[in-house]
Amino acid sequence: MTRQKPKEKPQRSCLGCRTTRDRDRLLRFVLSPSGEVAPDIEAKLPGRGAYTCISEQCLRAAIKQRQFGRAFKCEVAGMTADEVVVRIADSMNKRILGYIGLANRAGKVISGGSMVSDAIKSGNKPALVLLARDVSGTIGEKIELIAALNCTDCVRIMTKDDFGAILGKAPRSAIAIRSSAFVAQLKHEIERYRNFLGEVQNT
């Protein structure tokens, strides 16, 4: 029997740096009916798409060089890089919080510094630990060390107020998420968000 070759993923070029990547490793943009460039975070909106790397730097370069007008072959409505950056970051932030909320409703979330530390050291380790960016230095470093010693993924993201709000509780410095169907997609969304902010390298 002849083996079929794996189907190659569609590729597109970034308008900012001109690097060619798999389409699902890029940010997609479409043109709204009013002629504005609209971020398509989920890559589901109809119409012709234009792409940049998941990078604030590449997005700013594309806007500065007026690449979106060239990509859509028309004059696009005025937009500032700051406005688009804030819009994308906010959308990504909401998607991450949405997955945390789903995990919480499924009973997969542990919250609070001491409870998270105990969970990491237990026999039923969480699949992912999230630390608030504004966690105190002592607590944050302690949890990061425990996570590293127990080979548990640990990321600093959001704020204590963000965690508390999505869990319906007082501010939380750390949350842990047990293995579930939500973890892989949550990690993917966090990676995209951190790529966009330039915290990790987009490969």
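The values are calculated or read from the model by the stated rules, or taken from the named source; none is laboratory data. The shown structure was predicted, so the numbers you read here are calculated from the model rather than taken from an experiment. Note that each Cβ is placed from the backbone with ideal geometry, even for glycine, and that neighbours are counted across all protein chains shown.
Just one of the listed residues (GLY49, GLY69) is over 21 Å from ARG192 (Cβ atoms), free of Cβ contacts under 8 Å to residues at least 60 places away in the same chain, surrounded by 12 or more Cβ atoms within 10 Å (Cβ to Cβ) and not assigned by TED's automatic domain parsing to the domain that holds GLU191, namely GLY69. Taking the stretch 180-203 as the range and being among the hydroxyl-bearing types (Ser, Thr, Tyr) and at pLDDT below 90 as the test, the residues that pass are SER180, THR203.
This table checks each residue for (1) touching a Ser or Thr at 6+ places or on another chain (Cβ under 8 Å); (2) farther than 30 Å from LEU26 by Cα; (3) free of Cβ contacts under 8 Å to residues at least 24 places away in the same chain.
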site	(1), (2), (3)
THR80	no, no, yes
ILE88	no, no, no
MET92	no, no, no
LEU97	no, no, no
ILE100	no, no, no
ASP118	no, yes, yes
ALA132	yes, no, no
ILE139	yes, yes, no
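With respect to VAL183, is the statement that it is under 30 Å from GLN57 (Cα atoms) and over 17 Å from the mean Cα position of the chain (by Cα) true? Write out each step before concluding.
Numbers: under 30 Å from GLN57 (Cα atoms): yes; over 17 Å from the mean Cα position of the chain (by Cα): no.
Considered against the rule, which asks whether it is under 30 Å from GLN57 (Cα atoms) and over 17 Å from the mean Cα position of the chain (by Cα), VAL183 comes out as no.
Before we move on, is ALA147 without any contact (Cβ under 8 Å) to a residue 40 or more places away in the chain and in a helix (DSSP H, G or I)? So ALA147 fits the description; yes.
If you scan the stretch 120-144, which residues turn out to be more than 17 Å from SER180 (Cβ to Cβ), assigned to a loop (DSSP other than H, G, I, E, B) and not polar (S, T, N, Q)? Before the answer, list the steps.
Initially, the stretch 120-144 is screened for residues more than 17 Å from SER180 (Cβ to Cβ), giving 121, 123, 131-144.
Next cut, assigned to a loop (DSSP other than H, G, I, E, B) only: 123, 132-136.
Answer for the stretch 120-144, where residues must be more than 17 Å from SER180 (Cβ to Cβ), assigned to a loop (DSSP other than H, G, I, E, B) and not polar (S, T, N, Q): GLY123, ALA132, ARG133, ASP134, VAL135.
When you go through LEU131, LEU197, LEU145 one by one, which is the residue that is out of contact with any Asp or Glu (no Cβ under 6 Å at 6 or more places or on another chain) and over 27 Å from ASP90 (Cβ atoms)? Working first, answer last.
Numbers: LEU131 fails: over 27 Å from ASP90 (Cβ atoms); LEU197 fails: over 27 Å from ASP90 (Cβ atoms).
None of the other options fit; the residue is LEU145.
Scanning the stretch 58-109 for residues that are in contact with a Phe, Trp or Tyr (Cβ under 9 Å, 6 or more places away or on another chain) and of a type in the set (D, E, K, R) yields ARG95, LYS108.
Just checking: which of the helices (runs of 4 or more DSSP H) contained wholly in the stretch 1-119 hold 3 or more residues that are out of contact with any helix residue (DSSP H, G or I) (no Cβ under 8 Å at 6 or more places or on another chain) and closer than 30 Å to SER179 by Cβ? Don't jump to the end; show me each part of the working.
Working: elements: 56-64, 67-72, 81-105.
Once the helices (runs of 4 or more DSSP H) in the stretch 1-119 are filtered for at least 3 residues that are out of contact with any helix residue (DSSP H, G or I) (no Cβ under 8 Å at 6 or more places or on another chain) and closer than 30 Å to SER179 by Cβ, what remains is 81-105.
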